[in-house]
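J.: Sharing a structure below in structure tokens format, with a few things to ask.
Just so you know, all these numbers are worked out from the coordinates, no wet-lab data involved. Keep in mind that what you see is a predicted model, and the values were worked out from it rather than measured. Ideal geometry is used to build each Cβ from the backbone, glycine not excepted, and the neighbour counts take in all protein chains shown.
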Amino acid sequence: MTTLLVRNATVLVTLDGARREIAGGGLFARDGMIVEVGPSEALPATADTVMDLAGHVVLPGLVNCHHHLDQTLTRNLPAAQNVNLFRWLKAHYRLWAARTPEASRTATLVGLAELALSGCTTAFDHAYVFRNGCKVDDQIGAAREIGMRFMVSRGSMSLGQSKGGLPPDDCVEREEDILADSERVIARYHDAAPGSLLQIALAPCSPFSVTPGLMRDSAALARAKGVRLHTHLAETIDEERYTLERFGKRPVAYMEDLGWLGDDVWFAHAVHVNDHEIGCFAGAGVGVCHCPSSNMRLASGIAPVKAYRRAGVKVGLGVDGSASNDGNNLLTEARQAMLLARLQISLRPPEGPDTTLSTSDPSRDAEWMSAREALELATLGGAAVLGRADIGSLEPGKCADFFALRLDDVAFAGGLSDPVAAALFCTPGPAAFTVVHGRPVVAEGRIVTIDLPAVIAEHNTHAARLAALAE
């Protein structure tokens, strides 16, 4: 057995039931699992690995609930810089279908490296374009190389343009092939045990790229095999128009008809929902992944995160596609979630007869999202959305997943009266350390598990080939 001792943190944020923030805190872990958390003087004196984190704030590892790591290959594409979701997708579909397994590996490594540098320790990837020899195995191999805790979907698209879908016919797959490969991937890779470093989900892409039959068959297979279900939903008004015209229902009602409202399901975005639909999510135990930067980038709208939380809906955060965000920084995403929720206050009239009240009125204080609430979205919220009881906080029995920020970083200058909130209000640089299951992935601000410069160079070669196809 291997042991890890973290000690002398200026502040260690547990996010345990008591929400303890321990001055001079630390933790002791054995074989990647936390055994003790508390003041440093109360912990064992020695371990196989000792990390003295004086001058750092230590936080639970961030959990990314929705991503498309392959899109790192097509960031900042000129044809997709100033368009909404449907036009953005049309600019990208064939490029993603043209990638190779080697390109997919480097995209996954680059995206996960950026995430790790932002304090992320668990990432879910919604992979759904499998052409040109690419398989979900490509992403799994890359995640193992870098050492991240990984959840990945065997996603799918089966509804091409000729049958009323959005993607080109040459970018979709046959449904029998999708289901067969889904069974293969689950049998080979899914690990449901506590502390698992790899889990599989099934994730048909969206209402406008997958048939109702495949949605139902995927749900049946997932439930038979004990894996979770995921898809995009209610992201844009265009999607709402599509489901109303094609199925005579709003997106949430369409999902309900398909048997997709359950506590094993989480939806990406869920921006355009009403109060009744929020109640449906809460009652069924559905989770939501909020992707603030992508929603702003594509002018999709603002998800009602505070309303979700008041109703008891599980909410986590996602970076979303690296080409609809153009970055892979989950700590920044938590900050964006906080700021966007605050902007939403000014866009929504107050309750009651007096509509002249402004954001300065104390009666509206509960509408403000705090830094600690945003941090919870990125940790405990994400863990709940992914169905993980073993991550999201620093307490005995949980995985030793955490990150540390240097408090002498220039971004914290003048902000140390509350270093925990400063991690969200200020804009700190890369994590000094990011540890996954007791093993450093980032140390002294650098990725230490792979040769990142070499990966970036190879990745840029693959990206240049795809960019040339777009011209």
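J.: For the residues Thr211, Thr434, Thr2, what sequence is obtained by ranking on other C-beta atoms within 10 Å, fewest first? Don't jump to the answer; show the numbers that get you there.
T.: On the way: Thr211 19, Thr434 29, Thr2 12.
By the 10 Å Cβ count, ascending: Thr2, Thr211, Thr434.
J.: Give me the number: length gained by fully extending Glu458 to Ala192, i.e. 0.36 nm times residue separation minus the C-alpha to C-alpha distance, one decimal in nm. Walk me through the numbers before you get to the answer.
T.: Working: separation 266, 0.36 × 266 = 95.76 nm, distance 3.37 nm.
Full extension of this stretch gives 92.4 nm more.
J.: To continue, here is another question. Which one, Thr100, Leu53, Ser40, projects farthest toward the positive side of the charge dipole computed for the stretch 1-103 from Cβ point charges (K/R +1, D/E -1)?
T.: Among Thr100, Leu53, Ser40, the one farthest towards the positive end of the dipole of the stretch 1-103 is Thr100.
J.: A follow-up question, please. Give me Rg over Rh for the stretch 62-384, both radii from the alpha carbons and Rh done the Kirkwood way, two decimal places.
T.: We get a ratio of 0.95 for the stretch 62-384.
J.: Can you figure out the FRET efficiency of Ala180 with Leu244, using R₀ = 22 Å and their beta-carbon distance, to the nearest 0.05?
T.: Computed FRET efficiency for Ala180 and Leu244: 0.10.
J.: Give, as ranges by residue number, the residues of the stretch 94-116 whose backbone N falls under 14 Å from the point 7 Å along Cα→Cβ of Ala79.
T.: Only 94-99 pass the distance filter.
J.: Rank these for me by crowding, Leu77, Leu424, Leu12, going from fewest to most other beta carbons within 10 Å.
T.: Ordered from fewest to most neighbouring Cβ atoms within 10 Å, Leu77, Leu424, Leu12 come out as Leu77, Leu424, Leu12.
J.: Straight distance only, please: which lysines reach the Cα of Lys90 with their own Cα at less than 23 Å, same-chain residues fewer than 8 apart left out?
T.: Result set, ordered by chain and number: Lys135, Lys163.
J.: Placing +1 at every Lys and Arg Cβ and -1 at every Asp and Glu Cβ, with all other atoms neutral, what dipole size does the stretch 62-384 have around its Cα centre, in debye to the nearest 20? Don't jump to the answer; show the numbers that get you there.
T.: Details: 33 positive and 38 negative charges, 55 e Å.
Taking the Cα centre of the stretch 62-384 as origin, the dipole is about 260 debye.
J.: Listing Asp181, Asp138, Asp401, Asp70 from the residue with the fewest other Cβ atoms within 10 Å to the one with the most, what is the order?
T.: Asp181, Asp138, Asp70, Asp401
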